[in-house]
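First the structure, in the form of structure tokens, and then the observations on it.
The values are calculated or read from the model by the stated rules, or taken from the named source; none is laboratory data. Just so it is clear, the model here is predicted, and its values are computed rather than measured. Because the Cβ atoms are built from the backbone with ideal geometry, glycine has one as well, and the counts that use them run over all protein chains shown. Note: accessible area is taken over every heavy atom of the protein model, side chains too, but ligands, DNA and RNA are not part of it. Shrake-Rupley method; radii C 1.70, N 1.55, O 1.52, S 1.80 Å.
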Amino acid sequence: MTHILARIKHHFTESIQTKINAADSISEAIEAACERVVQCLLDGHKIMSCGNGGSACDAMHFSGEMLNRFKHDRPSLPAIALTADMSTITSIANDYSYHEIFAKQIRALAQQGDLLLAISTSGNSANILNAVKAAHDRNINVIALTGQDGGKMAELLKEGDIEIRVPATEVARIQETHLLIIHCICDVIDYQLFGHGEVVT
């Protein structure tokens with residue numbers, strides 16, 4: 001086996017093991033988040049999502065699957081990726097601070113009953129922390145996707161919020177598991193709201 005092939009197989013093994021560890025430790029938190037998202041939608045509210053870098057892509061991935069579909073055709077569901085509007089993001093960053101790029105959008109768009117999906121592998125991104133604070137100011141509950149030790153975001157969360165903390169320290173492994181969590185949420189939405197998918201026991 002070449003050194004390159006060994007490295008590739010190592011990444012697969014590490015990713016699989018991280019997901020096995022996560023399945024054992026955070027499945028109940030994911031279930032609680034799924035139930036909260038489904039109820040939010042049943043009540044006629046929306047889910048906003050935000051993150052930086054790869055987590056920004058995850059936020060848009062979630063929104064895209066809500067607005068379009070996951071696996072099956074179904075009605076579009078209300079979601080906003082706060083990472084997607086570059087003119088808004090750059091104007092806020094230029095005129096105020098990069099730390100405010102999500103918080104200012106939340107103050108304008110959030111309505112009571114909405115949810116914020118806040119994604120940060122470290123839990124320490126200043127703009128995500130400010131987004132959580134803005135959500136709380138608007139009486140919006142937060143579903144936090146974190147990793148490592150949860151960072152400062154874990155300390156900010158209040159009763160009614162849900163943290164799903166991936167039991168890993170490497171950013172790549174955390175991000176890979178965050179995407180799986182997002183797919184779990186999308187699958188449960190389809191199953192609970194539209195009866196799509198087989199019963200799994």
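Look through Leu129, Leu180, Leu116 and report the one residue that is within 17 Å of Asp24 (Cα to Cα) and at pLDDT 95 or above.
Working: Leu129 fails: within 17 Å of Asp24 (Cα to Cα); Leu116 fails: within 17 Å of Asp24 (Cα to Cα).
Criteria check complete, one pass: Leu180.
Would you kindly identify the strands (runs of 3 or more DSSP E) lying entirely within the range 34-127 that contain at least 2 residues that are open to solvent by 10 Å² or more (accessible area, probe 1.4 Å), touching a strand residue (DSSP E or B) at 6+ places or on another chain (Cβ under 8 Å) and over 19 Å from His196 (Cβ atoms)?
Values: elements: 47-50, 79-81, 115-119.
Qualifying strands (runs of 3 or more DSSP E): 79-81.
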Here are some conditions: (1) within 17 Å of Asn141 (Cβ to Cβ); (2) in contact with a Pro (Cβ under 8 Å, 6 or more places away or on another chain). Ile26 meets all but one. Which one does it not meet? (1)
If Asp24 meets every condition in (1) part of a helix (DSSP H, G or I); (2) surrounded by 12 or more Cβ atoms within 10 Å (Cβ to Cβ) apart from one, which number is that one? (2)
Identify the single condition in (1) crowded, with 19+ Cβ neighbours inside 10 Å; (2) part of a helix (DSSP H, G or I); (3) within 13 Å of the chain's Cα centre (by Cα) that Leu180 does not satisfy, given that it satisfies every other one. (1)
If we ask which residues in the range 9-21 are of a type outside the set (D, E, K, R) and surrounded by 11 or more Cβ atoms within 10 Å (Cβ to Cβ), their number turns out to be 6
